[in-house]
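Take a look at the structure set out below.
The values are calculated or read from the model by the stated rules, or taken from the named source; none is laboratory data. Bear in mind that the values here come from a model prediction, so they are computed numbers and not experimental data. Here the Cβ is made from the backbone with ideal geometry for all residues, glycine too, and neighbour counts use every protein chain on show. These area figures cover heavy atoms from the full protein model, side chains too; ligands, DNA and RNA do not enter into them. Shrake-Rupley method; radii C 1.70, N 1.55, O 1.52, S 1.80 Å.
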Amino acid sequence: MSHLLVEYPVPRDPWCDNPLARGADGVLRYGNLSPAVTELLDVQVHAFGNREAVVEIGGPRLTYRQLWHSASRIAGGLQERGIGYGDRVAIRMPVGARWVRAFLGAMLSGAVPVLVPDGLSEAAAAQVLSDSCADFVLEAGGSLPDGAAYIDDGASLSELALLCYTADGDAGPPRGVELTNENLLSAIRSMVGALDLPTDGLRNLVLLPLAHAGGCVDQLLPTFAVGGTVVLAPDPARAAEAVVAERIDQVSATRRMFAGLLPALAGLHAEGVRQICTAGQRAEPPGAGADASDRMATALRELFPLARQWSVWGATETSGIGLATIDGAALPGAGILGFPFGGTELALWGPGAEAGRGELLCRGPNVSRRYWKDPAATESRFTGTWFHTGNQVSIDGTGLVRCTSRPEPRR
């Protein structure tokens with residue numbers, strides 16, 4: 001049976017006023033991006049130097065100036081150890097201000113940070129370090145490299161900026177996804193535009209793992225891009241109290257994390273929260289936890305009556321973004337993945353593509369171009385500029401994507 005690739009017209013993006021133009025390869029791209037993530041952040045450091053950049057509950061609090069100075073000294077220490085442009089620096093440590101310092105230090109050194117996913121077994125983590133060809137590992141315990149402040153400013157949009165590993169559980173070992181500066185900067189601009197992130201001091205409680213695209217690319221970096229404060233809770237038991245104590249405007253987590261927080265949040269007065277952002281990479285068909293999801297959405301609405309509720313879906317290969325719904329636009333429990341945003345375009349693959357059903361394919365400025373050191377996987381999961389998500393979906397005339405069955409195993 002022949003497979004068809006059927007592209008779907010790009011609907012108007014209701015959350016993005018940024019100009020997008022189609023490149024020579026057919027992909028929609030943003031104009032006037034900074035050459036590199038580090039340059040974008042450097043501008044914010046000078047604009048908001050005295051603002052808090054990172055707050056670790058029970059730990060350090062760093063202003064933008066302090067964070068940048070610390071990260072640049074880590075970069076200098078890496079340089080003194082012979083680590084620089086194009087080298088791989090693995091970040092393997094618990095969430096916290098130290099993780100952020102290490103991550104930015106690796107970027108400022110000119111190296112490519114390698115995110116080692118949380119919760120991996122020793123064997124799986126060792127496999128990531130080996131597969132990534134890590135030249136240096138920044139890990140828990142011991143001191144971070146320290147040297148004369150250094151900032152590598154020679155990056156460009158097309159250069160590799162981050163190696164982010166998938167965490168597919170039983171679907172196979174973690175696979176390295178190459179993300180360029182353009183991928184990261186496009187995802188940042190998409191999230192800032194979609195969520196309408198303010199520049200007057202956003203305080204974002206990020207509960208998503210920083211070693212995944214959803215936490216690092218879609219929450220940490222966009223918050224820094226608007227001069228906001230990233231609040232981290234290494235001890236999940238203290239996350240609820242932080243909502244009030246840290247005057248949180250936005251909470252970012254998975255549905256499972258929110259479900260675990262509900263009992264602790266019940267007695268708090270958190271009217272200051274203006275935005276709830278639920279992220280996920282798993283696509284659930286209709287009926288799969290729909291009632292529980294709807295009950296959670298209702299409970300969150302009661303706890304945060306003034307907050308908009310966003311649901312953002314994406315894969316590591318799409319920088320963690322691509323589809324979204326906002327409060328009242330669709331029912332998350334009904335198999336809804338969302339509408340495309342931020343230059344994401346959709347296609348269907350399979351014999352039923354012309355009828356509006358098939359495997360979901362995505363392309364856009366945020367979509368990776370290949371896997372690290374895995375040409376066979378790249379060939380099987382990418383058709384030209386299109387990424388095969390493995391999710392069986394339907395797409396209606398408005399561009400709304402609905403999951404119809406559980407994801408297929410990775411090819």
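Computed values, structure above
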{"quantity": "Check on Ala21, at pLDDT 95 or above, under 27 Å from Thr180 (Cβ atoms), open to solvent by less than 70 Å² (accessible area, probe 1.4 Å) and in a strand (DSSP E or B)", "calculated": "no"}
{"quantity": "Flag for Ser130 being out of contact with any helix residue (DSSP H, G or I) (no Cβ under 6 Å at 6 or more places or on another chain), among the polar types (S, T, N, Q) and either within 28 Å of Ala239 (Cβ to Cβ) or open to solvent by less than 50 Å² (accessible area, probe 1.4 Å) (or both)", "calculated": "no"}
{"quantity": "Subset of region 208-247 (residues that are open to solvent by 10 Å² or more (accessible area, probe 1.4 Å), in a loop (DSSP other than H, G, I, E, B) and touching a Leu at 6+ places or on another chain (Cβ under 8 Å))", "calculated": "His212, Ala233, Glu246"}
{"quantity": "Arg301 vs. criteria modelled with pLDDT of 90 or more, among the basic types (Lys, Arg) and open to solvent by 50 Å² or more (accessible area, probe 1.4 Å)", "calculated": "no"}
{"quantity": "Region 358-398, subset touching a residue at least 60 places away in the same chain (Cβ under 8 Å) and in a helix (DSSP H, G or I), residue nearest to Leu20 (Cα to Cα)", "calculated": "Arg381"}
{"quantity": "Within region 85-104, tally of residues that are open to solvent by 10 Å² or more (accessible area, probe 1.4 Å) and either more than 21 Å from the chain's Cα centre (by Cα) or on the phi > 0 side of the Ramachandran plot (or both)", "calculated": "3"}
{"quantity": "Filter pass, Ala355 being under 21 Å from Cys164 (Cβ atoms), of a type outside the set (Val, Ile, Thr), free of Cβ contacts under 8 Å to residues at least 40 places away in the same chain and open to solvent by 10 Å² or more (accessible area, probe 1.4 Å)", "calculated": "no"}
{"quantity": "Condition met for Leu144 (open to solvent by less than 60 Å² (accessible area, probe 1.4 Å), of a type outside the set (Asp, Glu) and in a helix (DSSP H, G or I))", "calculated": "no"}
{"quantity": "When residues of region 182-210 are limited to those that are over 9 Å from the mean Cα position of the chain (by Cα) and among the small types (Gly, Ala, Ser), the one nearest to Val95 (Cα to Cα)", "calculated": "Gly201"}
{"quantity": "Tally of residues being in contact (Cβ under 8 Å) with a residue 60 or more places away in the chain and surrounded by fewer than 21 Cβ atoms within 10 Å (Cβ to Cβ) across region 193-202", "calculated": "3"}
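Each row is one residue, and each column tells you yes or no for (1) part of a strand (DSSP E or B); (2) under 30 Å from Phe48 (Cα atoms); (3) modelled with pLDDT of 95 or more.
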residue: Arg65; (1), (2), (3): no, yes, yes
residue: Val100; (1), (2), (3): no, yes, yes
residue: Met107; (1), (2), (3): no, yes, yes
residue: Gln127; (1), (2), (3): no, no, no
residue: Ala155; (1), (2), (3): no, yes, no
residue: Ala161; (1), (2), (3): yes, yes, yes
residue: Ala167; (1), (2), (3): no, no, no
